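The values are calculated or read from the model by the stated rules, or taken from the named source; none is laboratory data. Every value quoted in this text rests on a predicted model; they were computed, and no experiment measured them. Note that each Cβ is placed from the backbone with ideal geometry, even for glycine, and that neighbours are counted across all protein chains shown. The accessibility values were calculated without ligands, DNA or RNA, using every heavy atom of the protein model including side chains. Shrake-Rupley method; radii C 1.70, N 1.55, O 1.52, S 1.80 Å.
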Amino acid sequence: MKNFLLLSLLLTTSLSFSQNFSLPKLAYSYNQLEPTIDSVTMRIHYSKHHQAYITNLNKALGTSNTKSLVEILSTISTQPAVVRNNAGGHYNHTLFWEVLSPKPSKTPNEALLAQINKQFGSLDSLQKSMTLAGTGLFGSGWVWLIVTPTNELKITTTSNQDNPLMDLVTDKGTPILAIDVWEHAYYLKYQNKRADYLKNIWNVIDWKAVSEKYTATLKN
Ligand code: MN
């Protein structure tokens with residue numbers, strides 16, 4: 001009983017007083033997104049790059065952090081650059097892994113498809129616009145499909161590890177689809193041909209996962 005109380009106290013203490021972030025599990029293995037994303041890129045991207053953002057975020061926040069990742073992002077203008085880069089890095093990669101699948105659904109659900117058709121004409125046209133946005137983004141960053149505060153869809157881009165949840169970005173909203181356009185995401189296989197990577201990425205984007213995020217965002 002004494003041990004149980006001590007354990008409960010420790011758990012409660014760690015839950016209420018510190019927020020340590022950890023690498024989320026992948027729903028697939030490194031080679032399962034081939035040939036679109038090669039196994040070596042996946043391994044390094046996930047186990048080295050993403051892990052480094054988490055390690056550096058935990059280090060920068062120290063043991064006294066009680067905020068969730070979304071809380072940190074929404075007040076990121078009050079944080080130092082090291083938190084901005086690494087909290088963004090952690091959030092962005094987590095979303096990216098979630099919308100990729102070795103067996104992707106190629107069509108959004110009814111509600112999302114209706115909204116896409118209304119705003120972009122067709123799914124194909126939306127995908128082409130996102131590919132184009134990523135090709136045109138200078139340097140490292142991300143392409144997003146977000147739900148705006150007025151429940152519209154919008155394609156946006158951010159530099160470095162910024163994202164649409166951050167209070168300091170121009171185009172704010174809830175991301176439902178993220179595409180990493182840092183060179184580390186594609187260079188081993190595609191080298192300088194970012195446009196080819198951005199054309200092929202649609203082979204592994206799971207519209208079922210994106211649709212679930214859309215539905216969840218509208219509910220909130
Ligand atoms: Mn990345």
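Miscellaneous remarks
- Failed item in (1) farther than 18 Å from Glu98 by Cα; (2) away from the ligand (no atom under 16 Å from the Cβ); (3) out of contact with any Gly (no Cβ under 8 Å at 6 or more places or on another chain), with Lys189 passing the rest: (2)
- Inside region 28-59, residues that are open to solvent by 30 Å² or more (accessible area, probe 1.4 Å), under 27 Å from Thr170 (Cβ atoms) and touching a Ser or Thr at 6+ places or on another chain (Cβ under 9 Å) make up a count of 0.
- Qualifying residue in region 178-190 (condition: within 17 Å of Ile155 (Cα to Cα) and out of contact with any Phe, Trp or Tyr (no Cβ under 6 Å at 6 or more places or on another chain)): yes
- The residues listed here are Ser125, Ser105; of these, the one that is in a helix (DSSP H, G or I) and either more than 16 Å from the ligand (Cβ to nearest atom) or buried (at least 17 other Cβ atoms within 10 Å of the Cβ) (or both) is Ser125.
- Any hit, region 134-142, residues being assigned to a helix (DSSP H, G or I), of a type in the set (Val, Ile, Thr), surrounded by fewer than 21 Cβ atoms within 10 Å (Cβ to Cβ) and in contact (Cβ under 8 Å) with a residue 24 or more places away in the chain: yes
- Answer residue from region 152-168, given it is buried (at least 19 other Cβ atoms within 10 Å of the Cβ) and part of a loop (DSSP other than H, G, I, E, B) and is nearest to the ligand (Cβ to nearest atom) among those: Gln161
- Gly62 being open to solvent by less than 40 Å² (accessible area, probe 1.4 Å), more than 16 Å from the ligand (Cβ to nearest atom) and among the small types (Gly, Ala, Ser): yes
- Any hit, region 134-146, residues being among the polar types (S, T, N, Q), at positive phi and away from the ligand (no atom under 16 Å from the Cβ): no
- Of all residues in region 176-202, exactly one satisfies the criterion of being basic (Lys, Arg) and either under 19 Å from Ser47 (Cα atoms) or open to solvent by less than 10 Å² (accessible area, probe 1.4 Å) (or both), namely Lys189.
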